[in-house]
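Only one structure is covered here, and it is reproduced in the block below.
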Amino acid sequence: MNSIQGRLSRYTIATLLVLYALVAGAIYIGIARYLEARVDAALQTKASVMATLVHMDGEQLEFEFDDLLMPEYSRASMPEYFELRRADRSIFERSLSLARDGVTKPMLDPGLDRIAWDIELPDGRHGRALALAVFPQVERDGELDGTTGSEPLRLVLAQGLEQLDSVRGALRAGLILGGVALWLLVALALRWSLARGLEPLTALARQVETVTPESLDVEFSSVEGVRELAGIRTRLDELVERLGSALERERRFTSAAAHELRTPLAELKTMAQVAARFPEDHELRARVPGEVLVLVARMQSTVESLLAFARATKSGPTTSATRSDVSALLLRLIDERSGRANADSARIQAAIEPALLVRADPTLLESVLRNLLDNAFAHGPALAPIAVRARLEADSIVVELENPRGDLTERDLGHLFEPFWRKDVSRHGDAHSGLGLALVEAWVKSWGGTIRAELARPDLVRFSLYLPGAGPNQ
Amino acid sequence: MKLLLIEDSERLSDSIARGLRRSGWAVDVALDGEAGLAQAIANEYDVIVLDLMLPKLDGLTLLRRLRERGSLVHVLVLTAKDAVEDRVLGLRVGADDYLVKPFDFDELLARVDALARRRHEAKDPLIRLGEVIIDTAQKTVSCAGKPVELARREYMVLEYLALRRGQSVSREDLEQHVYDNRKEIASNAIDSAVCAIRRRLQRSGQAELIRTRRGFGYSIRVADETA
């Protein structure tokens, strides 16, 4: 696995090594050139001195070279070389080192155009040669008269480059060793400095690794004061908080769902066990089948509500292909109540605009409206009036239900849409699963709408449903 | 032995009460917290079975108030909440035991029996009174190895006297712990039950096990235990 420290180390070392290679190469070339120039200058000086030894004595060309004064041209070991040629390229004089043992070839100067060049010396060594045009001075009566002969000679000197090669070799070795040393030093320095520099990031990573669903009360204080990580810290803190809230919600939901099923299960199990243990209790045994059916129906209703809730909250907002008429639905639901014994419809004060259309599944929309209406009847005081209004507002269909708030407090309103929330914490009775309003909210949200509960007046609770929709002319 | 069941589910409380009554318990039932607290204060119970999520007054508050009043009654908490923190909270507030719904009725019975024994500082479910042995777990009585057939109410009277052996137990005390509040109790109900017990034990030569202490009630002497 790649690490930031490893990547930074590799890239930094590679960059430094490339830079070092460029600089070292430039240094090497510069020094080598300088040394070569020094060798050329030395050869030039020596050639100039030797040129003064060439003169014309009358018509006679003379070269007053003395091997004793310049023994380097005659020594056996690592000798230097020279040759002096006439204009016709014939050899006038050559060093003893060239002539020794009858060696006449190769000539030091195969061409006429070069001034200084690298060559392979006759004894196989690597060397440097320099050519100089020599105009012999004319000597008259034993003295130089200041004139020169008309035809120049060509003097070529050559010497081995052992010293220069040795210096260049040492320089190369030094630069390579310097490179290796630099690599080692930089690697160590980087390891230390990156470890120090990346410490907040490492600490953050360690802290993040310890975060589990059971330990979400963590604060990423290890990166406090680190500017580059401030944003990450804020986001992580927010993320962990949101995750914690979501997990807590999930735990509460699961616990509530389990509780919702446990109560009828306990009723069923205890009743069955007591009936089996005491068969002489005929009254209980006679009651068991009917009670079992009631309890099974209650558990089935809870399970179906849970599944519906899961489906409604699983997907995001959806657009139904079907247009449903809210007005017609509301009127039908109100009409249904008129057939009831207690004439619920008499309690309803309806103000419903006609043909209000929303894009929503008609069955689910009916469930939503029925649920809200049932709630108003079930939880409000008996015989209290219930106001039902529906109208078009901008691009929204607004449905409002108002009824006396009964024992609901303003604080309770914040919990009304929570799954399994009940005003009374006890959970007896078979009529409600505790998921009704939670389902209503989930469905409304899935249609892109909203629902809220508020106190319209201190004694009146109002449910307001906003759904994207249109009036009859749109 | 008398038990108060405070449970808001009528169906569940009815089943539990039936089962407990048929197992030799006198059972009073309360369907909400306020009624439960009132009954717990007004009567003396050997055990209270308490649901936590109750209307009007939740179980924990009820238990806290009961303990604040100095009640030492043994309380078994019965609830659908099974999280460790819920159990710990219940026990810290003063519950003696905890049972999570749904439960086995046999386990509930065993636990309330155990709590009743603890109340009377008896660890062994067998109470030995000489040749008479009372099995509080099986709700049976034997004398010299032979079973003694007792009616439910008679057994309850004998068991309560046996648990309080060495003490005089008044008729009112016996009524409190043997009868629940559902029916009117006949004025001589306890005397009749004691007579019936003596009659049944007489066949085994143990008619004198229960003594009458005029002005105090009935007692079983400690010496009888080892006789």
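The values are calculated or read from the model by the stated rules, or taken from the named source; none is laboratory data. This one's a predicted model, so the numbers in the text were calculated from it and none came from an experiment. When we count neighbours, we look across all protein chains shown, and the Cβ atoms used for this are built from the backbone with ideal geometry, even at glycine.
Are any residues in segment B:181-205 modelled with pLDDT of 80 or more and among the aliphatic types (A, V, I, L, M), and if so, which ones? So that I can check it myself, show each step before the final result.
Applying the first criterion (modelled with pLDDT of 80 or more) to segment B:181-205 yields B:188-202.
Listed by number, the residues that qualify are B:ALA189, B:ILE190, B:ALA193, B:VAL194, B:ALA196, B:ILE197, B:LEU201.
Listed here are the residues, each with its yes/no results for (1) over 17 Å from B:LEU3 (Cβ atoms); (2) away from chain A (no Cβ under 14 Å).
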site: B:VAL47; (1), (2): no, yes
site: B:LEU52; (1), (2): yes, no
site: B:ARG67; (1), (2): yes, yes
site: B:VAL75; (1), (2): no, yes
site: B:ASP82; (1), (2): yes, no
site: B:ARG87; (1), (2): yes, no
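Could you tell me which residue of segment B:96-147 is farthest from B:LEU158 (Cα to Cα), considering only residues that are hydrophobic (A, V, I, L, M, F, W, C), within 14 Å of chain A (Cβ to nearest Cβ) and in contact (Cβ under 8 Å) with a residue 24 or more places away in the chain? Break it down stepwise before answering.
Step one: filter segment B:96-147 for residues hydrophobic (A, V, I, L, M, F, W, C), giving B:99-100, B:103, B:105, B:108-110, B:112, B:114-116, B:122, B:126-127, B:129, B:132-134, B:137, B:141, B:143-144.
Remaining after also requiring within 14 Å of chain A (Cβ to nearest Cβ): B:99-100, B:103, B:105, B:108-110, B:112.
Now restrict to residues that are in contact (Cβ under 8 Å) with a residue 24 or more places away in the chain: B:103, B:105, B:108-110, B:112.
Numbers: B:PHE103: 30, B:PHE105: 24, B:LEU108: 23, B:LEU109: 19, B:ALA110: 19, B:VAL112: 18 Å.
Filtering first and then ranking leaves B:PHE103.
Go through segment A:247-274 and give me each residue that's facing another protein chain (nearest Cβ under 8 Å) and either touching a residue at least 60 places away in the same chain (Cβ under 8 Å) or more than 27 Å from A:LEU439 (Cβ to Cβ) (or both). Spell out how you get there, then give the answer.
Within segment A:247-274, the first condition is being facing another protein chain (nearest Cβ under 8 Å), and the residues that meet it are A:255, A:258-259, A:262-263, A:265-271, A:273-274.
Answer for segment A:247-274, where residues must be facing another protein chain (nearest Cβ under 8 Å) and either touching a residue at least 60 places away in the same chain (Cβ under 8 Å) or more than 27 Å from A:LEU439 (Cβ to Cβ) (or both): A:HIS259, A:THR263, A:LYS269, A:THR270, A:MET271, A:GLN273, A:VAL274.
Within segment B:104-112, is even one residue of a type in the set (Lys, Arg), crowded, with 17+ Cβ neighbours inside 10 Å and within 27 Å of B:VAL178 (Cβ to Cβ)? Before you say what the answer is, go through the steps one by one.
Filtering segment B:104-112 for residues of a type in the set (Lys, Arg) gives B:111.
Then drop every residue that is not crowded, with 17+ Cβ neighbours inside 10 Å, which leaves B:111.
Narrowing the set further to residues that are within 27 Å of B:VAL178 (Cβ to Cβ) leaves B:111.
Within segment B:104-112 (the criterion being of a type in the set (Lys, Arg), crowded, with 17+ Cβ neighbours inside 10 Å and within 27 Å of B:VAL178 (Cβ to Cβ)), the answer is yes, since at least one residue qualifies.
For segment B:97-109, indicate whether the set of residues that are under 24 Å from B:VAL49 (Cα atoms) and hydroxyl-bearing (Ser, Thr, Tyr) is non-empty. Full working, then the answer.
At the first step, the residues of segment B:97-109 found to be under 24 Å from B:VAL49 (Cα atoms) are B:97-109.
So of that shortlist, the ones also hydroxyl-bearing (Ser, Thr, Tyr) come out as B:98.
Yes, segment B:97-109 contains at least one residue that is under 24 Å from B:VAL49 (Cα atoms) and hydroxyl-bearing (Ser, Thr, Tyr).
Filter segment B:133-178 for residues that are within 16 Å of the chain's Cα centre (by Cα) and polar (S, T, N, Q) and give the result.
B:THR136, B:GLN138, B:THR140, B:GLN176
Would you check if there is a residue in segment B:14-23 being of a type in the set (Lys, Arg), touching a residue at least 40 places away in the same chain (Cβ under 8 Å) and within 13 Å of chain A (Cβ to nearest Cβ)? Break it down into steps so the answer makes sense when it comes.
So in segment B:14-23, the residues of a type in the set (Lys, Arg) come out as B:18, B:21-22.
This time we only want the ones that are touching a residue at least 40 places away in the same chain (Cβ under 8 Å), so: B:21-22.
Restricting the remaining residues to those that are within 13 Å of chain A (Cβ to nearest Cβ) gives B:21-22.
Checked against the condition, which is being of a type in the set (Lys, Arg), touching a residue at least 40 places away in the same chain (Cβ under 8 Å) and within 13 Å of chain A (Cβ to nearest Cβ), segment B:14-23 yields at least one hit.
Name the residue, out of A:GLY225, A:GLY244, that is farther than 30 Å from B:SER9 by Cβ and without any contact (Cβ under 8 Å) to a residue 12 or more places away in the chain. So that I can check it myself, show each step before the final result.
Details: A:GLY244 fails: without any contact (Cβ under 8 Å) to a residue 12 or more places away in the chain.
Only one candidate qualifies: A:GLY225.
Could you go through segment A:2-24 and let me know if any residue there is loosely packed, with under 12 Cβ neighbours inside 10 Å, assigned to a loop (DSSP other than H, G, I, E, B) and either in contact (Cβ under 8 Å) with a residue 24 or more places away in the chain or in contact with a strand residue (DSSP E or B) (Cβ under 9 Å, 6 or more places away or on another chain) (or both).
Within segment A:2-24, not a single residue is loosely packed, with under 12 Cβ neighbours inside 10 Å, assigned to a loop (DSSP other than H, G, I, E, B) and either in contact (Cβ under 8 Å) with a residue 24 or more places away in the chain or in contact with a strand residue (DSSP E or B) (Cβ under 9 Å, 6 or more places away or on another chain) (or both).
Would you mind listing the strands (runs of 3 or more DSSP E) fully within segment B:11-98 where at least 3 residues are at pLDDT 90 or above and either basic (Lys, Arg) or within 23 Å of A:ARG277 (Cα to Cα) (or both)? Break it down stepwise before answering.
On the way: elements: B:26-30, B:47-51, B:74-79.
Those strands (runs of 3 or more DSSP E) span B:26-30, B:47-51.
Within segment B:99-136, can you find the residues that are modelled with pLDDT of 90 or more and assigned to a helix (DSSP H, G or I)?
Within segment B:99-136, B:PHE105, B:ASP106, B:GLU107, B:LEU108, B:LEU109, B:ALA110, B:ARG111, B:VAL112, B:ASP113, B:ALA114, B:LEU115 meet the criteria.
Consider segment A:161-176. How many of its residues are more than 50 Å from the chain's Cα centre (by Cα) and without any contact (Cβ under 8 Å) to a residue 40 or more places away in the chain?
3
Which one of these does B:THR61 not meet: (1) buried (at least 16 other Cβ atoms within 10 Å of the Cβ); (2) within 14 Å of B:ILE6 (Cβ to Cβ)?
Status for B:THR61: all satisfied but (1).
Within segment B:15-36, is there a residue that is in contact with a Phe, Trp or Tyr (Cβ under 6 Å, 6 or more places away or on another chain), surrounded by fewer than 22 Cβ atoms within 10 Å (Cβ to Cβ) and at negative phi?
yes
Looking at segment A:149-176, which of its residues are under 30 Å from A:VAL54 (Cα atoms) and either assigned to a helix (DSSP H, G or I) or of a type in the set (A, V, I, L, M) (or both)? So that I can check it myself, show each step before the final result.
So the first thing to find is which residues in segment A:149-176 are under 30 Å from A:VAL54 (Cα atoms), and the list is A:149-164.
A:LEU153, A:LEU155, A:VAL156, A:LEU157, A:ALA158, A:LEU161, A:GLU162, A:GLN163, A:LEU164 - these are the residues of segment A:149-176 that are under 30 Å from A:VAL54 (Cα atoms) and either assigned to a helix (DSSP H, G or I) or of a type in the set (A, V, I, L, M) (or both).
Give me a count of the residues in segment A:280-312 that are within 12 Å of chain B (Cβ to nearest Cβ) and in contact with a helix residue (DSSP H, G or I) (Cβ under 7 Å, 6 or more places away or on another chain). Let's see the steps before the verdict.
Taking segment A:280-312 as the starting set, the residues that turn out to be within 12 Å of chain B (Cβ to nearest Cβ) are A:280-285, A:287-288, A:290-292, A:294-295, A:298-299.
Then keep just the ones that are in contact with a helix residue (DSSP H, G or I) (Cβ under 7 Å, 6 or more places away or on another chain); that gives A:281, A:284-285, A:288, A:291-292, A:295, A:298-299.
Counting residues in segment A:280-312 that are within 12 Å of chain B (Cβ to nearest Cβ) and in contact with a helix residue (DSSP H, G or I) (Cβ under 7 Å, 6 or more places away or on another chain) gives 9.
Confirm whether A:LEU198 is touching a Phe, Trp or Tyr at 6+ places or on another chain (Cβ under 7 Å) and among the hydrophobic types (A, V, I, L, M, F, W, C).
On the way: touching a Phe, Trp or Tyr at 6+ places or on another chain (Cβ under 7 Å): no; among the hydrophobic types (A, V, I, L, M, F, W, C): yes.
When the stated conditions are applied, A:LEU198 does not pass them.
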